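Pasting in a structure now, in structure tokens, and then I'll have a few things to ask.
Any read-out appearing in this document is the output of simple, stated calculations on the displayed coordinates, not a laboratory observation. Just so it is clear, the structure is predicted and the values come from calculations on it, not from any experiment. As a convention, Cβ positions derive from the backbone with ideal geometry for all residues, glycine included, and neighbour counts pool all protein chains shown.
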Amino acid sequence: MTGEFLRQLTPFPESNPMGWGLDAHWSALAQAKGLRMAIVDACAVEHKWRPVGARYDMGDAWRHMERYLAEHHLSWPAHQVLCEYLRIYERRAEYLAVFPPPVEAVEHGIGSDAADDLPLLWAIASLVRPELIVELGTRWGTSTRTLIHAAGQWGGRVITVDPADARPYLAGLPCQFIQKTGEELFCVWNTPVKILFIDTDPHSYEQTRRWLDTWVQTWLADGGVAVFHDVLSKRPEIQVAQAVRDWLREQPRVWRWQEFAGTSGLGLLWRVGDRPDFEGLFARGAGRL
């Protein structure tokens, strides 16, 4: 808060020593003066070191608050979420710690070229919780099964597309299979997508650039993520990561790219849009927020 506003709020009243309810006064005063007040919060906090109320009486604090609110004719104002941003984690282990996949979501991939990538894929889907997931490249339905399991938590849909008939591998699974190339589906597509999973042969530089210029650029929604498989180049013709890096050099700063090791590796291309540079702000010190 500004110094001028702080001087109008201090000193804090001794009749309400724990300060519960003071923010209701702040809100009322700001509204009376035509000022705006908002809360910016990017950190989840757990009281692990010492239980809440270990050094004071919570019952007394509650009674002080109720008396303070009544004396000043205050009530809790209705709040409105102005903007909400996903927390994008830095490390694979952080994604998996917050969203640990159950065994049944990934065990079908044991021995496949995606075995170590499926847990992260499940965690990403669970973080974004999209209504619709589009997968380019069904193959044997290995990643499809993981995406279906994740989307089932919130009733999301999975559409998977492949030029080869993958229906035998998807029998009984709650998803929509479209037998087309990614290019053919793009020509008739008309819906923004929050998660786009791209795993198409031959994983070449040219093909990846084509997906970036079409599906990603046109239909990836703000706050959404394009997940690329095979970012670890085990063969020289696989150039997925390099294609994304080169493409990003030509784009405005509305993207964030992450590469994670795994069986074949996953690359996460987040469309952050007008998202504030939280990482830069924190790096310069909390006092700058």
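Tell me, what is the percent relative contact order of region 1-130, built from C-alpha pairs under 8 Å that lie six or more residues apart?
This gives 24 percent for region 1-130.
Can you bin region 38-92 into rounded, prolate or oblate? Criterion: square roots of the alpha carbon gyration tensor eigenvalues sorted a ≥ b ≥ c, rounded for a/c under 1.5, prolate for a/b above b/c, oblate for the rest.
Oblate.
Counting other C-beta atoms within 10 Å, which of ARG129, ARG249 has the fewest, and how do the rest follow?
Result, fewest neighbours first: ARG249, ARG129.
Now for a different question. Which value, in debye to the nearest 20, gives the size of the charge dipole of region 1-133 about its Cα centre, when Lys and Arg are +1 and Asp and Glu are -1 at the Cβ?
620 debye
So for HIS47, HIS149, fewest C-beta neighbours within 10 Å to most, what's the order?
HIS47, HIS149
At a 10 Å Cβ-Cβ cut-off, how would you order ILE88, ILE133, ILE195, fewest neighbours first?
By the 10 Å Cβ count, ascending: ILE88, ILE133, ILE195.
Another question about this same structure. Can you tell me the 0 to 90 degree angle between the C-alpha axis of helix 118-128 and the longest principal axis of the chain, rounded to 10?
Helix 118-128 and the main axis of the chain meet at about 50 degrees.
Right, another one. With each pseudo-label sitting 7 Å past Cα toward Cβ, what's the ASP165-TRP62 distance in nm, one decimal?
If labels sit at ASP165 and TRP62, their model points lie 6.6 nm apart.
Which FRET efficiency value, to the nearest 0.05, do you get for ALA38 and HIS72 by plugging their Cβ-Cβ distance into 1/(1 + (r/R0)^6) with R0 = 22 Å?
Once rounded, the FRET efficiency stands at 0.50.
Hey, what D do you get for region 3-71 in µm²/s if you plug the Kirkwood alpha-carbon radius into Stokes-Einstein at 20 °C and 1.002 mPa s?
Estimated via Stokes-Einstein, D reaches 151 µm²/s.
To continue, here is another question. Could you give the angle, 0 to 90 degrees to the nearest 10, between helix 142-151's Cα long axis and the longest principal axis of the Cα atoms of the chain?
30 degrees
Taking Cα atoms, how many degrees apart are the long axis of helix 22-32 and the longest axis of the chain, rounded to 10 and kept between 0 and 90?
90 degrees
Let me ask something additional. What is the spread of the Cα atoms of the chain along each of their three principal axes, largest first, in whole Å?
73, 41, 33
Write out the GluC sites (Glu not before Pro) in region 13-119 meeting two conditions: DSSP loop, and at most 13 other Cβ atoms within 10 Å of their Cβ.
For GluC sites (Glu not before Pro) across region 13-119 that sit outside H, G, I, E and B with at most 13 neighbouring Cβ atoms in 10 Å, the list reads GLU14, GLU46, GLU84, GLU90.
Shifting gears a bit: Treating region 59-158 as a set of equal point scatterers at the Cα positions, no solvent, please give the Debye-formula log₁₀ I(q)/I(0) at q = 0.17, 0.21, 0.22 Å⁻¹.
The computed values of log10 I(q)/I(0) come out as -0.78, -1.07, -1.15.
Among all stretches of the chain without exposed chymotrypsin sites (Phe, Trp or Tyr not before Pro) (DSSP loop, at most 12 other Cβ atoms within 10 Å), which one is longest?
The segment 155-289 is the longest one with no such site.
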